[in-house]
1. Once the dipole of region 76-187 is set up with Lys and Arg at +1 and Asp and Glu at -1 on Cβ about the Cα centre, which of GLY83, GLY167, PRO93 lies farthest towards its positive end?
2. Between helix 96-106 and the chain, what is the angle of the helix's C-alpha long axis to the longest principal axis, kept within 0 to 90° and rounded to the nearest 10?
3. How tilted is helix 276-287 with respect to the longest principal axis of the chain? Cα atoms for both, answer in degrees (0 to 90, nearest 10).
4. If the viscosity is 1.306 mPa s and the temperature 10 °C, what translational diffusion coefficient in µm²/s does Stokes-Einstein give for the chain when Rh comes from Kirkwood over Cα pairs?
5. Sort 222-231, 94-103 for me by packing, meaning the mean count of neighbouring Cβ atoms within 10 Å per residue, highest on top.
6. So how much slack lies between LYS216 and GLN201, counting 0.36 nm per residue of separation and subtracting their Cα-Cα distance, in nm?
7. Could you work out how far apart the two model spin labels at ASP226 and SER107 are, taking each label as a point 7 Å from the Cα in the direction of the beta carbon, and quote it in nm?
8. Using the Karplus equation 6.51 cos²θ - 1.76 cosθ + 1.60 (θ = phi - 60°), what ³J(HN,Hα) coupling, rounded to whole Hz, does each residue of region 49-60 give in order, writing x for Gly and Pro?
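What follows is calculated from the coordinates using simple rules that are stated; it is not laboratory data. Keep in mind it's a predicted model, so treat the numbers as computed, not measured. Note: ideal-geometry Cβ built from the backbone for every residue, glycine included; neighbour counts use all protein chains shown.
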Amino acid sequence: MELIFLGTGAGVPSKNRNVTSIAISMLNERNAIWLFDCGEGTQHQILRSPIRLSKLEKIFITHLHGDHIFGLPGLLSSRSFQGGETELTIYGPPGIALYIKDSLELSGSHLTYPLQIVEVEPGEIFSDKQWKIVCDELDHGIQSFGYRLMESAKPGSLDAAKLKAEGVPAGPLYQELKEGKTVILPDGRMIDGQAFIGPEQKGRIIAIFGDTRQHKNELPLARNADIIVHEATFEASKVEMAKEYMHSTTTEAAGLAKEANAKHLILTHISSRYDKEASLALRDEARQIFPNTDIAEDFSVFDI
């Protein structure tokens with residue numbers, strides 16, 4: 001599973017950074033792509049990435065500012081031309097359904113696939129056997145959400161070395177043992193699969209935040225996350241400007257990651273005032289508080 005950053009800039013596109021969009025590639029886990037935000041030009045960025053629109057299963061919108069949604073109408077239409085037939089679900093704040101409906105109707109766009117739109121409220125918005133997703137409101141002037149993705153625990157691995165030591169031959173029996181079944185070996189011995197399965201593997205936690213000032217709702221969303229993706233529009237010295245424009249600084253994002261006991265922080269939504277060299281200074285500023293911090297560039301890929 002990978003995080004692929006399609007756009008990492010704040011407000012408007014620049015030569016180095018397109019506006020916000022983040023993909024989670026789950027091709028091995030569920031043969032699907034999930035997208036978080038869809039700023040202007042996202043479909044063009046996708047053309048320069050390994051992502052296929054036909055694999056797009058869900059889109060999560062954090063808030064309705066243009067740099068997070070202006071790419072939606074074009075992307076939804078293009079999906080029809082690129083083999084998209086399976087249902088696509090969009091989650092976002094109240095108003096997202098009207099925006100999409102009017103954009104498609106006024107442009108005469110017709111989709112070849114079912115489109116579901118879910119206008120979210122704080123709390124659980126999705127769950128299946130693999131994932132549970134909750135969201136909560138942040139502080140950005142208009143309604144803005146953070147999303148917490150929680151993967152279900154996985155069964156422990158089969159201890160093949162232990163089985164080999166017990167003289168259990170490799171083969172179809174291993175699958176039954178992996179399922180925890182009791183099997184009878186050719187020599188008549190009875191083997192309980194549960195005795196050869198390791199401890200349950202904890203599922204991964206991902207926290208992806210929309211634009212926000214520091215807010216009390218962030219910590220529950222971020223707690224013990226494997227990866228936090230957080231905006232860092234401004235450097236630490238611009239804290240008053242960040243408050244005025246309802247954004248966060250590098251050190252505020254790093255402080256959240258530290259307090260949440262997270263494993264990895266990735267900074268994004270970088271103001272165009274920072275060139276590539278200055279962006280690295282932003283990263284280093286955050287690392288003084290939370291060492292395992294990276295700053296995303298367009299087309300950065302991170303393993304989850």
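1. GLY167
2. 70 degrees
3. Between helix and principal axis, roughly 60 degrees.
4. Stokes-Einstein gives a translational diffusion coefficient of 76 µm²/s.
5. Ranked by mean Cβ neighbours within 10 Å, highest first: 222-231, 94-103.
6. 2.4 nm
7. Modelled inter-label distance: 3.5 nm.
8. With the stated coefficients, region 49-60 comes to 10, x, 6, 10, 4, 5, 8, 6, 10, 9, 10, 10 Hz.
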